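Student: I have a structure I would like to understand better, so I am pasting it below and will then ask my questions one at a time.
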Amino acid sequence: MPTEYARVRNGTDELPPPAELLRAFREPDDPNRDPHSVLTAARQLVECHERRSTAIEAAHAPDAPDGRVAACSMLVEDIDGDRAALVGRIDAWVADHVEHRGGASLHTETLGAVIDRLAAKWIAAQRALRRTPQQRTRPVQVDGEAHLQWCRLAELTDGYRDLITDVTEHRRRLPVW
């Protein structure tokens, strides 16, 4: 059964628009909505990046014992394996649902890799906003850091919008591995 976003247009199943991708990052899965598999994987990528950031932060704590650093390192490796599987799931969906035009320019990254970068930047932007005044050694720099992270997220989101538009209009094709 087609989902809300998987409508066929010009021989290509519709890729989730940027607003829906950001909504998937922000909100847990809604059981009343038939989710697009790309959006489900995108949400899980955000959860991986949150866990990864937490583990790295714990490993870099000034008082972190060697055992914690080693455990965090192993956890990051496991999370990166989960991320790779989710990226692969997105790329498999693209291979199965998006028509690829031989004459179109090839994009340098898979859609899964693009969404993974967006998920990582989403977490970086959220974390920059969540820092408490006690964690701020120099408020101006933290405010600047939050602004920078959100600007970079906006740029990546614009790039995603341009990419899916180009793919849909057969000007660009995604690598399929």
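The values are calculated or read from the model by the stated rules, or taken from the named source; none is laboratory data. On a predicted model such as this, the values are computed, not experimentally measured, just so you know. Areas reflect the complete protein model, heavy atoms only, side chains present, ligands, DNA and RNA absent. Shrake-Rupley method; radii C 1.70, N 1.55, O 1.52, S 1.80 Å.
Student: Give me the three principal axis extents of segment 72-136 from the C-alpha atoms, as integers in angstrom, largest value leading.
Tutor: Result for segment 72-136: principal-axis Cα extents of 55, 26, 17 Å.
Student: Using heavy-atom solvent-accessible surface (probe 1.4 Å) with all chains present, what is the largest-first order of TRP150, TRP177? Walk me through the intermediate numbers first.
Tutor: Working: TRP150 80, TRP177 230 Å².
Of TRP150, TRP177, the descending order of accessible area is TRP177, TRP150.
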